[in-house]
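The values are calculated or read from the model by the stated rules, or taken from the named source; none is laboratory data. None of these values were measured; they are calculated from a predicted model. Because the Cβ atoms are built from the backbone with ideal geometry, glycine has one as well, and the counts that use them run over all protein chains shown. Keep in mind that these areas ignore ligands, DNA and RNA; they rest on the heavy atoms of the full protein, side chains included. Shrake-Rupley method; radii C 1.70, N 1.55, O 1.52, S 1.80 Å.
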Amino acid sequence: MIDLKYLQNNFEEASTKLQKKGVETATLQNLQQLFTTLKDCNATLEASKAEQNSMSKLFGQYMKEGKDISELKTKVNANKEAMIPLQDQARKAEEALYAVALAMPNFPDETVPDGMDEEDNVELRKVLEPKSFTFTPKEHWELSEINGWIDFERGVKLAKSRFSVLKGEASRLERALINFFLDSNRAKGFEEYSVPFLNNATMLQGTGQLPKFEDDLFKIADEDLYLIPTAEVPLTNLYYDEILTEKELPLLMTGYTPCFRKEAGSAGRDTRGIIRQHQFNKVEMVAIAHPDKSAEVFEMMVNNASDILTALGLPHRVVELCGGDLGFSAATTIDLEVWLPGQNQYREISSISNTRDFQARRAKIRFKEGKKNKFVHTLNGSSLAVGRTIVAIMENYQNEDGSIDIPEVLKKYM
RNA sequence: CGGGAGAUGUCAGAGUGGUCGAAUGUGCCGGUCUUGAAAACCGGUGAGGGUCAUACCUCCGGGGGUUCGAAUCCCCCUCUCCCGGCCA
């Protein structure tokens, strides 16, 4: 959630920032108005409560002294009566405010490039040259057919479209990648976690998926539980409503989980292959950092993911997202896009974001600085998406006959 | 899923209608003492809102109710522990 006090006091600046994310000034004005209304409502209500409390305290005194209570009682009852509409107003004002505030995206950092969509993202650098093939490289689903790696039909039979089954070598490759990723993250100081794949609504709200993106999530019937869309949700919320000490920071966490997404808005995109599935595996990094140190941690996370791709010998590029392409919770995001020779283009394989204090406010994650409690910064990033790495290995390590080599670093894992 | 017990500050644990945001211990922070540390002693120490700062408001698992007044009484829910069932 954005800082409403900041919005109140720096409206112009806040408005300019959120325009990058396509938020209308009118929407912000509405939010600011709701905040003011709530404060006003609370002020009147609290004054009335104070009155009520002080009168109630007199009762004990009066009774001890044997005084007549009936007059006081009449007064107190009248005040109580008068408080009901105030309470109602305050409650409504609060509901109205939160409905809007929770749907408001994070402020982008000042350094985020302007732009509407992914066309306007900025390439920062390329790592490794794509190798040239002496034949026309195939796409991963063609290679899958030759090697019998992915069973699309039976995945659909078991669940529905956009589910698939990995078989034999592919399944082993997946397992090897997960281990390789976790080991690499651990070597950089990330502590490994194994977490629930179902989280409750409060946690999903903490990281920003709810209430706005409910349609993208799989929900368990009759339970307050959702299949997680990313390990960012459980890992970040491990510290939901906690106050950390300064010396605990930064907390670096990693974990492997399957991820479940309805992909509600992506009908017709990447329907072939396993680029976009309802269920996919991912190894995630999450950091909880001191506000002064989050930029540094962010850099480290980007480099870590990039280094893993490099170790796998996968050419990729580092791309900074423009304001319009930035996710709801992110203040800044860097994508890693891996080269797919079969598709002849770079495709996203990792996305690393600093949410600043946006999630921390929602999830109430604070740390003690002296006597004061302050919000931490939370960061998250893939290192890496497993399914897409398999695609990348298939396409980059293919031979003319359709066979696929295994990257050197993975051999000890298979 | 059935039976029983419980949920209070970092933790342990008192508190069963008013002056309780909450005893005491513990932990943590600061100080005295010490070459240093331990021990001992002294002081400080929950969260959120509000305010320039005070006042003031809210919070004793969550929600509702009774009452002038609820941590304390009543109802519902959730969770934890013990016993039984089922089970990797």
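Would it be correct to say that residue A:251 is under 20 Å from residue A:362 (Cβ atoms) and open to solvent by less than 60 Å² (accessible area, probe 1.4 Å)? When the stated conditions are applied, residue A:251 passes them. Tell me, yes or no, whether segment A:96-106 has at least one residue that is farther than 26 Å from residue A:377 by Cα and surrounded by 14 or more Cβ atoms within 10 Å (Cβ to Cβ). Looking for residues that are farther than 26 Å from residue A:377 by Cα and surrounded by 14 or more Cβ atoms within 10 Å (Cβ to Cβ), one finds at least one in segment A:96-106, hence yes.
Only a single item in (1) away from RNA strand B (no atom under 16 Å from the Cβ); (2) touching a residue at least 40 places away in the same chain (Cβ under 8 Å); (3) open to solvent by less than 10 Å² (accessible area, probe 1.4 Å) is not met by residue A:365, and it is number (1).
Table: residues versus (1) among the small types (Gly, Ala, Ser); (2) open to solvent by 20 Å² or more (accessible area, probe 1.4 Å).
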{"position": "A:292", "(1), (2)": "no, yes"}
{"position": "A:295", "(1), (2)": "yes, yes"}
{"position": "A:304", "(1), (2)": "no, no"}
{"position": "A:312", "(1), (2)": "no, no"}
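Taking the listed residues A:271, A:257, the one that is in a strand (DSSP E or B) and over 27 Å from residue A:21 (Cα atoms) is A:257, with no other qualifying.
Residues of segment A:127-167 that are closer than 23 Å to residue A:336 by Cβ, in contact (Cβ under 8 Å) with a residue 40 or more places away in the chain and open to solvent by 60 Å² or more (accessible area, probe 1.4 Å): A:128, A:129, A:131.
Residues in segment A:112-126: is at least one open to solvent by 90 Å² or more (accessible area, probe 1.4 Å), under 30 Å from residue A:325 (Cα atoms), more than 13 Å from RNA strand B (Cβ to nearest atom) and without any contact (Cβ under 8 Å) to a residue 24 or more places away in the chain? The answer is yes; a qualifying residue exists. Would you be able to tell me the number of residues in segment A:141-188 that are in a helix (DSSP H, G or I) and among the aromatic types (Phe, Trp, Tyr)? So the answer is 4.
Take the residues in segment A:28-62 that are charged (D, E, K, R) and more than 40 Å from the chain's Cα centre (by Cα), then tell me which one is nearest to RNA strand B (Cβ to nearest atom). Applying the filter and picking the extreme gives A:57.
Annotation note: Cβ proximity below 7 Å between a residue of segment A:58-87 that is touching a residue at least 40 places away in the same chain (Cβ under 8 Å) and open to solvent by less than 50 Å² (accessible area, probe 1.4 Å) and a residue that is aliphatic (A, V, I, L, M) and near RNA strand B (Cβ under 8 Å from one of its atoms) (sequence gap 6+ or interchain) occurs for A:86/A:45.
Scanning segment A:335-361 for residues that are within 16 Å of residue A:380 (Cα to Cα) and open to solvent by less than 20 Å² (accessible area, probe 1.4 Å) returns A:335, A:336, A:349, A:350, A:352, A:353, A:354, A:355, A:358, A:359, A:360.
For (1) assigned by TED's automatic domain parsing to the domain that holds residue A:341; (2) not aromatic (Phe, Trp, Tyr), each residue gets a yes or a no:
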{"residue": "A:53", "(1), (2)": "no, yes"}
{"residue": "A:59", "(1), (2)": "no, no"}
{"residue": "A:65", "(1), (2)": "no, yes"}
{"residue": "A:69", "(1), (2)": "no, yes"}
{"residue": "A:85", "(1), (2)": "no, yes"}
{"residue": "A:92", "(1), (2)": "no, yes"}
{"residue": "A:111", "(1), (2)": "no, yes"}
{"residue": "A:126", "(1), (2)": "yes, yes"}
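List the pairs whose first member sits in segment A:27-45 and is over 14 Å from residue A:2 (Cβ atoms), whose second member is more than 13 Å from RNA strand B (Cβ to nearest atom), and whose Cβ atoms are under 7 Å apart, counting only residues at least 6 apart or on separate chains? Correct list of pairs: A:41/A:89. Of all the numbered requirements in (1) open to solvent by 50 Å² or more (accessible area, probe 1.4 Å); (2) without any contact (Cβ under 8 Å) to a residue 60 or more places away in the chain, residue A:11 misses one, and that requirement is (1). Does residue A:318 satisfy the criteria of being within 16 Å of RNA strand B (Cβ to nearest atom), under 24 Å from residue A:253 (Cβ atoms) and among the β-branched types (Val, Ile, Thr)? Taking the combined requirement at face value, the residue does not satisfy it. With respect to (1) near RNA strand B (Cβ under 9 Å from one of its atoms); (2) surrounded by 14 or more Cβ atoms within 10 Å (Cβ to Cβ), the lone exception for residue A:25 is condition (1).
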